1. Only one residue in A:Thr183, A:Thr165, A:Thr188 is more than 15 Å from ligand 2 (Cβ to nearest atom) and open to solvent by less than 30 Å² (accessible area, probe 1.4 Å), so which one is that?
2. Quick check on segment A:92-102: of everything there that is more than 8 Å from chain B (Cβ to nearest Cβ) and part of a loop (DSSP other than H, G, I, E, B), which residue is farthest from A:Gly134 (Cα to Cα)?
3. Out of the residues in segment B:170-196 that are more than 15 Å from A:Trp89 (Cα to Cα) and open to solvent by 70 Å² or more (accessible area, probe 1.4 Å), state the one that is farthest from the other protein chains (Cβ to nearest Cβ).
4. Which ranges mark the helices (runs of 4 or more DSSP H) fully within segment B:140-229 that have 1 or more residues being touching a residue at least 60 places away in the same chain (Cβ under 8 Å) and not acidic (Asp, Glu)?
5. Would you call A:Val111 more than 10 Å from every other protein chain (Cβ to nearest Cβ), farther than 22 Å from A:Ile51 by Cα and surrounded by 18 or more Cβ atoms within 10 Å (Cβ to Cβ)?
6. From the list A:Glu83, A:Glu58, A:Glu31, A:Glu71, pick out the single residue that is within 13 Å of ligand 2 (Cβ to nearest atom), of a type outside the set (S, T, N, Q) and modelled with pLDDT under 95.
Amino acid sequence: MAVDIQIVEKSFHMETTKNIVLNGIDLRIEEGDFLTIIGPSGCGKSTLLKIMAGLDTEYKGVIDINGRIVEKPAIAQGFIFQEHRLFPWLTVEQNIAADLNLKDPAVRQKVDDMIEIVRLKGYEKAFPSEISGGMSQRVAIARALIRDPEVLLLDEPFGALDAFTRQHLQDVLIDIWQKKKITMVLVTHDIDESIYLGTDIAILRANPGELQKLVHVGLSYPRSRTDPSFQAIRQKVLKEFEKTDTESYKDGEGI
Amino acid sequence: MKVDAQQIAYSNVDPIIEKRKRKPPLWLKGFVLPAVVIAVWQLIAGLGFVSETVLPSPLLIVQSFISLTLSGEIFGHLKISILRALCGFLLGAGIGLTLGLIVGFSKRSEGYIDPTMQILRTIPNLAVTPLFILWFGFDELSKILLIAFASFFPIYVNTFNGIRSVDAKLFDVARVLEFSKGKQLTRLIFPASLSSILLGIRLSLGAAWLSLVVAELMGSSSGVGYMIMDARQFSQTEKVFVGIIIFGIVGKLTDSFVKILEKRLLKWRNSFDGVN
Ligand SMILES: Nc1ncnc2c1ncn2[C@@H]1O[C@H](COP(=O)(O)OP(=O)(O)O)[C@@H](O)[C@H]1O
Ligand SMILES: [Mg+2]
């Protein structure tokens with residue numbers, strides 16, 4: 001039981017040229033792992049996540065989640081977008097229920113439990129326009145979680161939030177991950193975030209997007225950003241970035 | 001010391017009370033302009049500068065209004081006018097809404113239907129009136145069809161636009177959450193286009209009311225429009241004014257009704273209300 005990623009090639013066709021975005025990505029995420037994906041902007045992180053979600057099916061390769069080939073979007077692959085994308089005409093609890101019926105006692109119970117987990121008690125009846133960005137993102141996470149996904153895919157979910165809110169939500173996410181034991185895949189461009197959250201870190205390089213290195217973090221939760229072992233991992237990740245920089249200069253593909 | 005504190009407290013409250021006193025409530029502001037106009041009008045008419053058949057004084061119009069109300073004449077005309085407008089509106093707006101939904105949903109039906117609609121839409125209402133009279137005579141059918149024709153387009157266009165402008169990003173969410181086709185309709189497409197549809201309804205009601213006047217002035221033996229034409233023949237200008245005022249009031253009331261409906265149904269929308 002795990003997520004198997006085998007992408008031979010993913011490219012976008014421009015009018016005259018072919019833009020290879022992902023090239024030969026081979027990755028296995030064990031059940032219950034928390035993989036963070038980090039890499040420079042434009043290296044294909046979002047594209048990779050969309051492929052895993054089934055939102056993009058035009059590529060060479062295969063995604064296998066717990067023995068099932070991903071062919072289209074499904075609730076088994078929960079997806080959190082960078083913007084919360086709530087339905088503005090639904091209240092917080094209605095957004096979490098979305099297409100489910102809140103009058104159904106089983107759904108009601110699940111929604112109430114989920115509101116507790118993402119710490120939104122008291123805001124059930126608020127509309128998205130009445131709550132903050134951080135709260136909206138928590139609603140979006142609750143909306144995905146209530147459907148019991150096998151894997152939760154998050155595309156820079158906290159990128160638009162301020163530092164305090166971001167740290168708070170990182171803790172909420174770890175809390176949820178430990179309680180629900182779901183496999184998580186989170187894309188970020190923040191090195192600290194990738195180390196703070198991940199059991200493993202996939203470092204991508206750009207042009208074309210390839211797996212530079214897979215780093216196993218191996219620290220226990222909760223982690224401290226100032227801990228020497230945290231800093232040691234940080235150095236390791238930074239070294240990899242330096243390598244990709246010099247390599248792309250060598251290839252003459254730098255900016 | 002104590003007195004000081006009290007004074008501070010007072011001076012803190014004072015400006016707010018002052019502000020409230022000075023600012024009249026919003027609904028009152030709307031009455032300022034009409035009140036001034038009526039006062040000037042009464043002055044001009046009362047001094048006898050112009051003849052009563054040209055410009056009857058507001059007082060005379062009010063008197064006429066009261067006598068028409070007491071005799072019940074007004075209600076008979078109003079009832080038939082509203083009935084006509086309502087029938088025409090329901091017919092036209094019903095078809096407009098349905099067609100707007102169909103064309104909005106399916107690209108294929110858009111190709112077949114929309115170009116024709118766009119051509120028909122540019123035809124002024126008044127231009128088809130003679131044709132309708134030719135076909136259906138002066139009786140109820142031609143009036144109702146004329147009103148239906150006018151109220152069809154606003155709701156058709158706005159429903160269509162409303163559906164087409166639903167955020168594609170939310171469609172992605174619906175796909176990720178595996179919405180059924182029905183839920184896509186009720187939880188996404190319909191609420192997203194509701195404000196457009198309500199705007200269409202408002203415009204359609206306005207158009208229905210407008211063409212009701214046209215239809216009744218063309219020729220009829222009942223209705224507020226008939227009352228106006230009849231009074232004109234006998235130079236009862238004050239009665240003409242009463243008819244015009246009734247058209248205005250009912251038009252405004254229906255518009256307000258839809259606005260209230262809008263506020264209720266779109267309370268999630270936190271839109272800008274304008275600066276004081
Ligand atoms: N729909 C698209 N059409 C064409 N090119 C695209 C499209 N989406 C992404 N790309 C290209 O693919 C590359 C990777 O994009 P993306 O996955 O969004 O990167 P990241 O999320 O790592 O910043 C970029 O160079 C971008 O220009
Ligand atoms: Mg991205």
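The values are calculated or read from the model by the stated rules, or taken from the named source; none is laboratory data. Since we're looking at a predicted model, the values are computed, not measured. Here Cβ is always computed from backbone atoms with ideal geometry, including for glycine, and neighbour counts include all displayed protein chains. Keep in mind that these areas ignore ligands, DNA and RNA; they rest on the heavy atoms of the full protein, side chains included. Shrake-Rupley method; radii C 1.70, N 1.55, O 1.52, S 1.80 Å.
1. The unique qualifying residue is A:Thr183.
2. A:Asn101
3. B:Lys181
4. Working: elements: B:140-164, B:168-176, B:190-218.
Ranges flagged: B:140-164, B:190-218.
5. Against the criterion (more than 10 Å from every other protein chain (Cβ to nearest Cβ), farther than 22 Å from A:Ile51 by Cα and surrounded by 18 or more Cβ atoms within 10 Å (Cβ to Cβ)), A:Val111 qualifies.
6. Details: A:Glu58 fails: within 13 Å of ligand 2 (Cβ to nearest atom); A:Glu31 fails: within 13 Å of ligand 2 (Cβ to nearest atom); A:Glu71 fails: within 13 Å of ligand 2 (Cβ to nearest atom).
Just one listed residue meets the conditions, A:Glu83.
Listed here are the residues, each with its yes/no results for (1) open to solvent by less than 80 Å² (accessible area, probe 1.4 Å); (2) over 24 Å from B:Phe160 (Cα atoms).
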position: B:Lys79; (1), (2): no, yes
position: B:Cys87; (1), (2): yes, no
position: B:Gly92; (1), (2): yes, no
position: B:Ile95; (1), (2): no, no
position: B:Phe105; (1), (2): no, no
position: B:Glu110; (1), (2): yes, no
position: B:Ile123; (1), (2): yes, no
position: B:Phe132; (1), (2): yes, yes
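Listed here are the residues, each with its yes/no results for (1) open to solvent by 60 Å² or more (accessible area, probe 1.4 Å); (2) facing another protein chain (nearest Cβ under 8 Å); (3) of a type in the set (Gly, Ala, Ser).
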{"site": "A:Gly42", "(1), (2), (3)": "yes, no, yes"}
{"site": "A:Ile51", "(1), (2), (3)": "no, no, no"}
{"site": "A:Tyr59", "(1), (2), (3)": "no, no, no"}
{"site": "A:Val62", "(1), (2), (3)": "no, no, no"}
{"site": "A:Ile65", "(1), (2), (3)": "no, no, no"}
{"site": "A:Arg68", "(1), (2), (3)": "yes, no, no"}
{"site": "A:Pro73", "(1), (2), (3)": "no, yes, no"}
{"site": "A:Ala76", "(1), (2), (3)": "no, no, yes"}
{"site": "A:Asp104", "(1), (2), (3)": "yes, no, no"}
